[in-house]
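The values are calculated or read from the model by the stated rules, or taken from the named source; none is laboratory data. What you see is a predicted model; the values in this text were computed from it and never measured. Methodologically, a virtual Cβ is constructed for each residue, glycine included, from the backbone with ideal geometry; neighbour enumeration extends over all protein chains shown. Ligands, DNA and RNA are excluded from the accessible area calculation, which covers all protein heavy atoms including side chains. Shrake-Rupley method; radii C 1.70, N 1.55, O 1.52, S 1.80 Å.
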Amino acid sequence: MNLILMGAPGAGKGTQSEKISERWSIPAISTGEILRAAIKAGTALGQEAKTYIDDGKLVPDATVIGIIKEYLASDKCQNGFILDGFPRSIPQAEALDALGVKIDAALSIEVADDTIVKRMSGRRVCSCGASYHVQFNPSKVEGVCDKCGAETYVRADDAPETVTKRLATYHAQTEPLKAYYAEKGLLIEVQGQQEVSDTTRLIFDALDSISV
Ligand code: AP5
Ligand code: MG
């Protein structure tokens, strides 16, 4: 299955892509995680990305398109993949089409902006990609990742003023992709307001019902 996972910042893309990845045994590729790893490593890509991410803006299309091309050509994506956070603009979606990769569904997790703001304030993440919430989805031991045992932390772009900017960027540049994929008959919208397990159930039901 070749899946695009969309949704506002904090809608639950990372949380749900972990579940989909386990159930269908396909890798999740998060452009956000790749860019954060580059920032941590201090590479040229990281230095370029940091200014945009810290300001709640999209990293330039050409940069992320280059990253995705490389990943999709790699062996690990040959039996399917989940794109978490790509495409995020119409030019990115067109670039993906131009690669000739078949997409089975573009799944959008729908969550209201005021819920997003509450979620972001309690999020804790791990550099391995795991995402927790102090109240709604806590790690077994506070401050320690269940998956790899590393220390969890607050993401730099989860400061309330940056979250507001990221939401505005989402509505202006990414939300139009819903119409783009609806026109292709690929859009699936799933309510993400309820608990994590409720959203997972809705997603599994939706993906089970499409023939791949
Ligand atoms: P990215 O890392 O993708 O951030 P995002 O899209 O803003 O999304 P998040 O990762 O913040 O949220 P999520 O949807 O994964 O939610 P999560 O599962 O963690 O991108 C970061 C930046 O990189 C962008 O701003 C941009 O600058 C750049 N970038 C990335 N891709 C790009 C691209 N293609 N083009 C250009 N620039 C790009 O959940 C959030 C919290 O809520 C967690 O605490 C979680 O535990 C909790 N939670 C989840 N589900 C529920 C639930 N149902 N109920 C209660 N709590 C829940
Ligand atoms: Mg994420």
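Brief remarks follow.
- The stretch 81-143 - percent relative contact order, Cα under 8 Å, separation 6 or more: 15 percent
- Each label point was placed 7 Å from the Cα along the Cα-to-Cβ direction; for A37 and S25 their separation is 2.2 nm.
- Base-10 log of normalised Debye intensity for the stretch 35-125 (one unit scatterer per alpha-carbon) at q = 0.18 Å⁻¹: -1.05
- The helix-based estimate of mean residue ellipticity at 222 nm for the chain, built from -39,500 (n - 2.57) per DSSP H run of four or more residues and divided by its residue count, is -13500 deg cm²/dmol to the nearest 500.
- A Cα-only calculation for the chain places Rg and Dmax at 16.2, 45 Å.
- Per-atom-type breakdown for the stretch 1-152 gives carbon and sulfur 51% of the accessible area (1.4 Å probe, protein chains only).
- In a simple Cβ point-charge model (Lys, Arg +1; Asp, Glu -1; nothing else charged), the chain has a dipole of about 340 debye relative to its Cα centre.
- Kirkwood-based Rg to Rh ratio, the stretch 77-190, C-alpha trace: 1.02
- Comparing T43, T169, T31 in a Gaussian network model of the chain, where Cα atoms under 10 Å apart are tied by springs, the biggest mean-square fluctuation is seen for T43.
- Angstrom value of the Kirkwood radius, inverse mean 1/r, which spans all Cα pairs in the stretch 1-56: 12.6 Å
- The stretch between E183 and T164 holds 3.9 nm of extra length on full extension. This uses 0.36 nm per residue minus the Cα-Cα distance.
- The stretch between D198 and K76 holds 41.0 nm of extra length on full extension. This uses 0.36 nm per residue minus the Cα-Cα distance.
- Beta bridges per DSSP, both residues in the stretch 107-212: antiparallel share near 65 percent.
- FRET efficiency, D205 to T63 (Cβ-Cβ, R0 30 Å, nearest 0.05): 0.25
- The stretch 8-50 versus the stretch 128-160: alpha-carbon centroid distance in Å: 14 Å
- For the stretch 1-26, no residue has its backbone nitrogen under 15 Å from a point 7 Å from the Cα of V134, taken along Cα to Cβ.
- Among 140-149, 123-132, 55-64, the peptide with the highest mean count of other Cβ atoms within 10 Å heads the list, and the full ranking is 123-132, 55-64, 140-149.
- Using the Cβ of A95 as centre and a radius below 11 Å, the other residues enclosed give a net charge of -2, where K and R count +1 and D and E count -1.
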